[in-house]
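Only one structure is covered here, and it is reproduced in the block below.
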Amino acid sequence: MRQKKFVYYGKKCLIFLISVFILSVAVFYVARLAPGDPLISYYGDRTEKMSPEEREWAMEKLGLNEPISVQYVKWVKNAFHGEFGISFKYKQDVLEVIGGRIGNTLLLGGIGFVIMFAGALLLGILCAWYENRLADKILCKLGTISSCIPEFWMALVLILIFSVNLKILPSSGAYSTGKAGDIGDRVLHLIMPLTIVVLEHLWYYAYMIRNKILEEVRADYVLLAKAKGLDKKKLMFRHCVRNVMPAYLSIMAIAVPHVLGGTYVVESVFSYPGIGALSYESARYHDYNLLMLLCMMSGILVIFCNIVSQTINEQIDPRMKDEVITEKSEVVEG
């Protein structure tokens, strides 16, 4: 039994490592072959006045004069030592640049993630409980409308109402000047970005939970329990919701990069100093080292969450593992 578990999780780790390797190759080559001059990002307008000799020296200093394959090998070796180069735009180690922003994104995305999934679960249960009744219809209509509104447009509307007209909430930044340690000020700056992050994802997952609970409600064992006179409330919470929770955890794992990805747009609109705004800046200024590390971090998060989700699903339903094995054997025999 232990040996089977070891082999199973060993395969998952191997898949993860191979995926990360392929991702690193793709990210590095795409970044290096992308149009644009990284010297402009590092040296600014001085680049235009450089002689060929000065330009060659600058390329060598930044490690851009060697073949791409050699650059990739050096980048991987340095990465194993925790060295990812310097940011061309900020003239700092890329880890320091990201370290100054990642906390803001984790705060926004983390709180949004918790609120969204707690809210989605509650709304899903509520809609399933009042299926096809007024509360269910109203919530479904509101959810459909809010889900169709683009994030950037909703964000601009909130800024217009609460910042421009009512002047009660700040329109940009993570905190006011000189108030980095003021929790109240940070909360005020989080309200609008957090509202957008939650609203843009809440209803999608609420519908998903609603439908899964309704599938469970219509299962044979529930119909039999109803016929025997079992209380509806006990059926809903002790059986239906409990049986849906493992699948819900799987959905949560997949949704982590989805939610964090949604913060990127929100950060750009609200000028929120997080990873999303930093990614946009690194792409705009051809800041290769910073852009590559940000892409790697996002990609690794997506790969990891997908593998976790797949693992949870396979533990819930072992038939999924059997199906994968059967498909592989059929391919080999064919």
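The values are calculated or read from the model by the stated rules, or taken from the named source; none is laboratory data. The model shown is predicted, which means the values in this text are computed figures rather than measured ones. Note that each Cβ is placed from the backbone with ideal geometry, even for glycine, and that neighbours are counted across all protein chains shown. Remember, those area values only see protein heavy atoms, side chains included, never the ligands or the DNA or RNA. Shrake-Rupley method; radii C 1.70, N 1.55, O 1.52, S 1.80 Å.
Here are some notes:
- Checklist (1) in a helix (DSSP H, G or I); (2) surrounded by 13 or more Cβ atoms within 10 Å (Cβ to Cβ) applied to Val164, failing item: (2)
- Long-range neighbours under 7 Å by Cβ, at least six apart or interchain, first residue under 15 Å from Ile300 (Cβ atoms) within the range 1-18, second of a type in the set (A, V, I, L, M, F, W, C) and surrounded by 10 or more Cβ atoms within 10 Å (Cβ to Cβ): Lys12/Ile307; Ile15/Ile307; Phe16/Ile303; Phe16/Phe304; Phe16/Ile307
- Residues (more than 12 Å from the chain's Cα centre (by Cα), within 27 Å of Val76 (Cα to Cα), open to solvent by less than 20 Å² (accessible area, probe 1.4 Å) and not acidic (Asp, Glu)) located in the range 257-288: Gly274, Ala277, Leu278, Ser282, Tyr288
- Note on the range 232-249: among residues that are under 31 Å from the mean Cα position of the chain (by Cα) and more than 15 Å from Glu215 (Cβ to Cβ), the one that is surrounded by the fewest Cβ atoms within 10 Å (Cβ to Cβ) is Phe237.
- The residues of the range 67-123 that are of a type in the set (Ser, Thr, Tyr) and open to solvent by 40 Å² or more (accessible area, probe 1.4 Å), listed by number, are Ser69, Tyr90.
- Within the range 172-194, considering residues that are open to solvent by 50 Å² or more (accessible area, probe 1.4 Å) and either in contact (Cβ under 8 Å) with a residue 60 or more places away in the chain or not in a loop (DSSP other than H, G, I, E, B) (or both), the one nearest to Leu123 (Cα to Cα): Ile191
- Restricting the range 15-29 to residues that are of a type in the set (Val, Ile, Thr) and over 19 Å from the mean Cα position of the chain (by Cα), the residue that is nearest to Gln71 (Cα to Cα) is Val25.
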